[in-house]
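Novice: Please read through the structure below; I'll follow up with questions.
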Ligand SMILES: [Zn+2]
Ligand SMILES: [Zn+2]
């Protein structure tokens, strides 16, 4: 089969022919229909901290059709269309049994979506309703990541919310914050490239970050934010969020910043700011994200900005390292 293969940090992925995956007893083989390109995959090909091995196939936001079943699987059939929750736990420990594979001691982030066929264990597969496309199925994972952050935030109806960063996670957060009853949701970013998309996803306002960001955000929200979602992941963003936050407000950190960062603790203490970090999701949230897509016409589709064939995927992947008008780029391996 064809796959986009990782060889070396700071080098583009290479589309080549590799062996087709064979399922272990508890696994299934999925013909990948769509796989979203994720910013964390870009990080993984730049930072040794992630420990990606030569020959790895990345891509953890995928949906497809089951084409082969391991001999101990029982709940799925050939031809089932599934979204794959990429958190692969042992399936037996208390965390796994509680639907929290993210916190299994043996958790691995399942890649493999940048290929014609991929493996997953049966327990990672959620069947798609007939009304949900494979394209929407590939959006479930980033939507679940966003939902987890919103769930942790303690957001209640009427909240004033600032989302810093208009990437797919930021837009997903805007979507859930509105669904959960936030009165105002303002998305901020360095450029206005994603303003229309943010509004389609549920944002009530958009602020381009410049010298007056503080005043502009407060004007758009009608006051200082109760909750700020940090979806940028660059140094200094926590310090900026602390300036924006209302006293006793909450900051949820979803960005993946791998560089040291600093802020003045007094700025946080003097506001009694709550700082919460958010990683991954639980399987209940994954199901909730899938349910939110059922029907096919839901706003999350607005995140998809392009769809590319596997052959064009490495170039599209590299192009995402620069700020562009792209949001969620889908790979269509077949
Ligand atoms: Zn992702
Ligand atoms: Zn486990």
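Novice: With respect to residue 57, determine if the residue is away from ligand 1 (no atom under 13 Å from the Cβ), out of contact with any strand residue (DSSP E or B) (no Cβ under 7 Å at 6 or more places or on another chain) and within 29 Å of residue 146 (Cβ to Cβ). Full working, then the answer.
Specialist: Details: away from ligand 1 (no atom under 13 Å from the Cβ): yes; out of contact with any strand residue (DSSP E or B) (no Cβ under 7 Å at 6 or more places or on another chain): no; within 29 Å of residue 146 (Cβ to Cβ): yes.
Against the criterion (away from ligand 1 (no atom under 13 Å from the Cβ), out of contact with any strand residue (DSSP E or B) (no Cβ under 7 Å at 6 or more places or on another chain) and within 29 Å of residue 146 (Cβ to Cβ)), residue 57 does not qualify.
Novice: Follow-up. Checking the condition under 22 Å from the mean Cα position of the chain (by Cα), surrounded by fewer than 16 Cβ atoms within 10 Å (Cβ to Cβ) and part of a loop (DSSP other than H, G, I, E, B), which residue from 20, 46, 8 passes? Before you say what the answer is, go through the steps one by one.
Specialist: On the way: 20 fails: under 22 Å from the mean Cα position of the chain (by Cα); 8 fails: under 22 Å from the mean Cα position of the chain (by Cα).
None of the others qualify; the one that does is 46.
Novice: Right, here's the next one. Out of segment 27-54, which residues are more than 20 Å from residue 334 (Cβ to Cβ) and touching a helix residue (DSSP H, G or I) at 6+ places or on another chain (Cβ under 6 Å)?
Specialist: The answer is 44, 50, 52.
Results for (1) surrounded by 20 or more Cβ atoms within 10 Å (Cβ to Cβ); (2) within 23 Å of the chain's Cα centre (by Cα); (3) assigned by TED's automatic domain parsing to the domain that holds residue 43, shown as yes or no for each residue.
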position: 229; (1), (2), (3): yes, yes, no
position: 236; (1), (2), (3): no, yes, no
position: 255; (1), (2), (3): yes, yes, no
position: 294; (1), (2), (3): no, yes, yes
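Novice: Scan segment 105-125 for residues that are more than 22 Å from residue 37 (Cα to Cα) and either within 14 Å of ligand 1 (Cβ to nearest atom) or buried (at least 20 other Cβ atoms within 10 Å of the Cβ) (or both) and jot them down.
Specialist: Step one: list which residues in segment 105-125 are more than 22 Å from residue 37 (Cα to Cα), which gives 105-106, 122-123.
Residue satisfying the conditions is 122 alone.
Novice: Among the residues of segment 33-43, write down those that are within 15 Å of ligand 1 (Cβ to nearest atom) and not in a loop (DSSP other than H, G, I, E, B). Talk me through it step by step, then tell me what you get.
Specialist: Our first condition is that a residue be within 15 Å of ligand 1 (Cβ to nearest atom); within segment 33-43, this holds for 34-43.
Across segment 33-43, the qualifying residues are 34, 35, 36, 39, 40, 41, 42, 43.
Novice: When you go through (1) within 15 Å of ligand 1 (Cβ to nearest atom); (2) within 21 Å of residue 25 (Cβ to Cβ) one by one for residue 82, which number turns out not to apply?
Specialist: All conditions are met except number (1).
Novice: Which condition number in (1) within 14 Å of ligand 2 (Cβ to nearest atom); (2) out of contact with any strand residue (DSSP E or B) (no Cβ under 6 Å at 6 or more places or on another chain) is the one that residue 88 fails?
Specialist: Evaluating residue 88 over (1) within 14 Å of ligand 2 (Cβ to nearest atom); (2) out of contact with any strand residue (DSSP E or B) (no Cβ under 6 Å at 6 or more places or on another chain) leaves (2) as the failure.
Novice: When you go through 272, 243 one by one, which is the residue that is surrounded by fewer than 21 Cβ atoms within 10 Å (Cβ to Cβ), in a helix (DSSP H, G or I) and outside the structural domain of residue 43 (by TED's automatic domain parsing)?
Specialist: Details: 272 fails: in a helix (DSSP H, G or I).
Only one candidate qualifies: 243.
Novice: Which one is nearest to ligand 1 (Cβ to nearest atom) among residues in segment 85-104 that are within 17 Å of residue 30 (Cβ to Cβ) and assigned to a loop (DSSP other than H, G, I, E, B)?
Specialist: Step one: of segment 85-104, the residues within 17 Å of residue 30 (Cβ to Cβ) are 85-88.
From what's left, assigned to a loop (DSSP other than H, G, I, E, B): 85-86.
On the way: 85: 11, 86: 8 Å.
This residue is 86.
The values are calculated or read from the model by the stated rules, or taken from the named source; none is laboratory data. None of these values were measured; they are calculated from a predicted model. Cβ coordinates were reconstructed from backbone atoms using ideal geometry, including for glycine residues, and neighbour counts include every protein chain displayed.
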